[in-house]
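J.: Got a structure here, written out as structure tokens. Questions coming.
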Amino acid sequence: QVAISVQVVLTIRRVKCEPAASIRSMSGAHSMVCTAVRIHEFGGPDVLKTDTEAKLPPLADKQVLIQVFAVGINPQETYLRAGLYPVLPKTPFTPGKDFAGVVVESKSQSWAKGARVFGYACETGAYAQHLIAGERQIFALPDAYSFDAGAALGIPFYTAWRALMHNGRARRGQSLLVRGATGGVGSLILQLAKYIGMKPIVGTAGSDVGLDALRKGGYVDAVANHRAGKDHLDVDELRSLEGLPRHPFAEDRPAFDLIIEMQAQQNLNVDVQHLNRKGTIVVVGNRGMEECPVNFRGLMQVEGTINAFMGQFDELKEQMDAELNRLLAENVLKPMIGRVFTCSDGLEDLGARFAAAHEEVAGHSEGTTGRLIVHPWGEDVRAAL
């Protein structure tokens, strides 16, 4: 099955946490009830509460009901849970976007019952054992891909593709630096960059575990520790890297045609110091509303560009959907799966599983090494597939 499994923890033993049939019709109506995570107020991970009576609306035309077997955790979901965005959803709500599972009921001519699917958006929230999605919100999950891999494809792929190909306008032969390359987005950026022939490719990580994962992945020409220096990159592996440009005004400093940044609030000024002439920095992530001072004189000296984006634009959806399906068919994408949170000692409660995943996003106690995944069902249910 296609997935780079770097480390899988919290899969201690099979525990029957939930009954196999937890969705049912409501008497006198066509609505359904399932087990899901709900947010009633914004705050810390403990606001992720299990609701065994979460209501799903009646299935409409061109919609499907999906039994969810894997959910991918996006960092933005932790900011949303904490209430850090200026526009917030009305409470209570079920968060989550990336998922993979099986169609169990369909009112769409495009999807049959039993289809293996994944998606990056849905109508009712992905932190649940069942969800409702529109027929254009989901994709066929090839047999070669696990449910975990499917839950690591949606938003990470779209973010990676947009950062590299659309905003970064990446081309064959360009040098690339990915700051924070071991997460779900960063690892896919590396794979896409290698696929189109960028070189040299450098990825950074903040732990020995992450650096080892990058080396073993086979998509980088060198690695750097982004925690090693406050004002510059750790350049030990970069000094003799063939084809890597030098900064126009500092020969001892490596420079890059394209830099993709995951934590702009702490790294953006350093990125400017490693930008090649006419180079581009694409900002993909910034923790909450934190700020970073930037020396724009350095940016002016190299006539560089900084751009950023958030979310997806409808005008790019058709193109990105086509690219995703093409790359899946060519078996190009190999999502890096990191920590997997399952039904285990101390995490029998569904909300507790997602809360633990949110805590890991903030703390990186194991070092970032791929996409964080949560299994909404016990392992006995998954094993029966």
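J.: If a residue has to be acidic (D, E) and either at positive phi or surrounded by 12 or more Cβ atoms within 10 Å (Cβ to Cβ) (or both) to count, how many in region 297-322 make the cut?
T.: 2
J.: Same structure again: For region 38-51, how many residues meet the condition of being surrounded by 13 or more Cβ atoms within 10 Å (Cβ to Cβ) and outside any loop (DSSP other than H, G, I, E, B)?
T.: 8
J.: If you take the residues in region 175-189 that are open to solvent by 10 Å² or more (accessible area, probe 1.4 Å) and in a helix (DSSP H, G or I), which one is nearest to V209 (Cα to Cα)?
T.: G184
J.: Which condition number in (1) under 25 Å from L141 (Cα atoms); (2) touching a strand residue (DSSP E or B) at 6+ places or on another chain (Cβ under 8 Å); (3) charged (D, E, K, R) is the one that E77 fails?
T.: Condition (2) is where E77 drops out.
J.: Sticking with this one: Across region 268-296, what is the number of residues that are surrounded by fewer than 18 Cβ atoms within 10 Å (Cβ to Cβ) and within 18 Å of E251 (Cα to Cα)?
T.: 2
J.: Within region 108-127, take every residue that is under 19 Å from P142 (Cβ atoms) and surrounded by fewer than 23 Cβ atoms within 10 Å (Cβ to Cβ) and give me the one that is nearest to the chain's Cα centre (by Cα).
T.: Going through the qualifying residues, I end up with V117.
J.: Give the residue that is farthest from T368 (Cα to Cα), with candidates limited to residues of region 193-205 that are in a loop (DSSP other than H, G, I, E, B) and open to solvent by less than 30 Å² (accessible area, probe 1.4 Å). Walk me through it before giving the result.
T.: Going through region 193-205, the residues in a loop (DSSP other than H, G, I, E, B) turn out to be 197-200.
From the residues that got through so far, the ones that are open to solvent by less than 30 Å² (accessible area, probe 1.4 Å) too are 197-198, 200.
On the way: G197: 26, M198: 24, P200: 23 Å.
Looking at the filtered set, the residue picked out is G197.
The values are calculated or read from the model by the stated rules, or taken from the named source; none is laboratory data. Every value quoted in this text rests on a predicted model; they were computed, and no experiment measured them. Glycine also receives a Cβ, built like all others from the backbone with ideal geometry; neighbour counts cover every protein chain displayed. For accessibility, only protein heavy atoms count, side chains too; no ligands or nucleic acids. Shrake-Rupley method; radii C 1.70, N 1.55, O 1.52, S 1.80 Å.
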